[in-house]
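Participant: The structure's right below; bear with me while I get my questions together.
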Amino acid sequence: RIERSVRPGDTAARLGGDEFAVVLTEPLTPEEAVGVAERLLIEIGKPLDSGSGPLYTSASIGIAFGSEEESLLREADIAMYRAKGHPEIGYAFFDPQLDRVAVERSERIVELREGIVRSEFRLDYQAVVDLDRNEITGYEALVRWEHPTLGELPPGEFIPLAEETGLIVGLGEWVLTEACTEATRLCQLHGRPMHMSVNVSARQLHHPDFFRHVTRALDASALMPNLLTLELTESTLLGSDERV
């Protein structure tokens, strides 16, 4: 359907998942680009026969102009996210002024992905104290990002973005493994059982490998399962799974 909507000589390709790209090779005006976008929206919006009734789908289209491949694709992607906020139109142009925040968001996503690969994260452990007995009963694992240029960043600076992009799954698995390993060490240090609390987001909770991630972390650390507490974040309780 997408290929039928573009002109001879243009290129249509699937980037992955539900993302596609169309490269218009001839010089064209913004009006002509809008014409292509509108044809795409009409074609994609036609019903699909599922055998049990028609199915309808829609699209959000970002439009960018330029000749530099990498920046052009990034700018079109940024414009596409703005188009998602205006479904009644279905498309949006990249605008350096309007999309400044989106550009920064895009750059931070790249940094976040690279930070996970480069092991730029560490855990702080906040003690949980029983006030009646005046003793430590466990710890809560708190992740920190040691950003190479911005310094230490608290969870609020990157966890929402990690949840939105799905990077929280890999990061969360690392947190589980590190926290369980530290919990075993703390049990030995205190000479008695120590509970470890780890925050879990909606994206992790609904991931098909989540149970395997937890089991693997417990097995690798030899931590008793009853000493691990999984705390649901606010985003989970507020129903962020609708965005998963």
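Participant: Just checking, which of Leu15, Leu28, Leu24, Leu40 is under 24 Å from Glu70 (Cβ atoms) and modelled with pLDDT of 90 or more?
Facilitator: Residue meeting the stated conditions: Leu40.
Participant: Failed condition for Ser201, given (1) in contact with an Asp or Glu (Cβ under 8 Å, 6 or more places away or on another chain); (2) at pLDDT 95 or above; (3) more than 21 Å from Asp130 (Cβ to Cβ), with all others met?
Facilitator: Every condition holds for Ser201 apart from (2).
Participant: Something else about it: How do the strands (runs of 3 or more DSSP E) wholly within region 129-231 filter down when requiring 2 or more residues that are open to solvent by 30 Å² or more (accessible area, probe 1.4 Å), among the β-branched types (Val, Ile, Thr) and farther than 21 Å from Arg113 by Cα: which remain?
Facilitator: Values: elements: 135-147, 151-153, 195-200.
Passing ranges, in order: 135-147.
Participant: crowded, with 19+ Cβ neighbours inside 10 Å and under 21 Å from the mean Cα position of the chain (by Cα), is that true of Ala64?
Facilitator: Numbers: crowded, with 19+ Cβ neighbours inside 10 Å: yes; under 21 Å from the mean Cα position of the chain (by Cα): no.
Judged against the criteria, Ala64 is not a match.
Participant: Can I ask one more? Every residue in region 107-128 that is of a type in the set (D, E, K, R), open to solvent by 70 Å² or more (accessible area, probe 1.4 Å) and not in a loop (DSSP other than H, G, I, E, B), please.
Facilitator: Glu107, Arg113, Glu114, listed by residue number.
Participant: Considering each residue of region 104-130, count those that are of a type in the set (Val, Ile, Thr) and within 13 Å of the chain's Cα centre (by Cα), and give that number.
Facilitator: 3
Participant: Any chance region 48-63 includes a residue that's aromatic (Phe, Trp, Tyr) and touching a residue at least 24 places away in the same chain (Cβ under 8 Å)?
Facilitator: No.
Participant: Still on this structure, please answer the following. When you go through Leu123, Leu150 one by one, which is the residue that is in contact with a helix residue (DSSP H, G or I) (Cβ under 6 Å, 6 or more places away or on another chain) and within 28 Å of Glu182 (Cβ to Cβ)?
Facilitator: Leu123
Participant: Within region 81-94, how many residues turn out to be open to solvent by 30 Å² or more (accessible area, probe 1.4 Å) and within 19 Å of the chain's Cα centre (by Cα)?
Facilitator: Of the residues in that region, 4 qualify.
Participant: Here is a check on your reading of the model: is Arg14 in a helix (DSSP H, G or I) and open to solvent by 50 Å² or more (accessible area, probe 1.4 Å)?
Facilitator: no
The values are calculated or read from the model by the stated rules, or taken from the named source; none is laboratory data. None of these values were measured; they are calculated from a predicted model. Glycine gets a Cβ as well: all are built from the backbone with ideal geometry, and neighbour counts include every protein chain shown. Side chains included, ligands, DNA and RNA excluded: accessible areas come from the protein's heavy atoms. Shrake-Rupley method; radii C 1.70, N 1.55, O 1.52, S 1.80 Å.
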